[in-house]
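Each remark here refers to the structure printed beneath this line.
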């Protein structure tokens with residue numbers, strides 16, 4: 001009888017000790033899993049930022065054509081809404097696929113995770129400066145520049161696509177630019193560099209100025225590439 005009582009006491013003691021240890025370990029595993037999921041989301045978001053956002057908001061979130069995003073005071077909900085729906089009357093387009101953009105909900109969530117956790121991510125996840133074009137010939141170089149800086153809004157093949165407010169990013173293929181500018185590529189070049197039309201008037205806010213971000217030679221190369229799409 002005493003042995004049974006002693007055995008029962010020992011088993012009770014083991015359970016009393018084991019349960020807190022188990023929950024502590026389980027909680028640690030859950031926290032580690034959540035942290036791993038967050039890090040994976042941040043990494044995916046960093047790639048999205050590099051390809052779609054860095055050209056306007058700066059490679060390191062320092063701002064440029066658009067406002068700085070590194071250390072932004074915007075909360076997660078507000079940031080998600082702005083990225084998804086854009087800001088009417090500004091150059092910030094709607095990126096959500098539901099509003100005509102190229103990003104799904106989970107991609108926007110990953111992007112927001114990256115922006116909100118920027119200060120805590122490793123340098124390997126911080127968007128890096130784009131690799132200088134290595135193509136041979138100006139058209140090949142222009143394609144690389146176009147893909148890195150223009151395709152997000154104007155489409156991979158220059159056929160337009162990204163919805164900006166109620167409008168869609170212009171078709172920038174040779175034929176269209178030729179129609180608009182009458183073959184006057186210096187005017188087309190000024191439109192890219194300074195955001196001005198043939199009369200020197202400011203273009204709509206949807207088209208940012210690229211002077212200081214793209215050189216004259218860069219724009220010449222992009223135009224050479226666009227002419228191959230004729």
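Please treat every number below as a calculation from the coordinates, not as lab data. Since the model is a prediction, treat every value here as computed from it, not as a measurement. Because the Cβ atoms are built from the backbone with ideal geometry, glycine has one as well, and the counts that use them run over all protein chains shown.
Here are the numbers:
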| quantity | calculated |
| --- | --- |
| Likely footprinting exposure, 77, 44, fewest C-beta neighbours within 10 Å first | 77, 44 |
| Extension gain from residue 40 to residue 227, taking 0.36 nm per residue of separation minus the Cα-Cα distance | 63.3 nm |
| Neighbour-count ranking [beta-carbon atoms within 10 angstrom, fewest first] of 35, 214, 111 | 35, 214, 111 |
| Where labels lie 7 Å past Cα in the beta-carbon direction, separation of residue 147 and residue 77 in nm | 4.1 |
| Kirkwood hydrodynamic radius over Cα pairs of the stretch 39-129, then Stokes diffusion coefficient at 10 °C and 1.306 mPa s, in µm²/s | 123 |
| Cβ-Cβ FRET estimate between residue 217 and residue 70, R0 fixed at 35 Å, reported to 0.05 | 0.75 |
| Neighbour-count ranking [beta-carbon atoms within 10 angstrom, fewest first] of 84, 159 | 159, 84 |
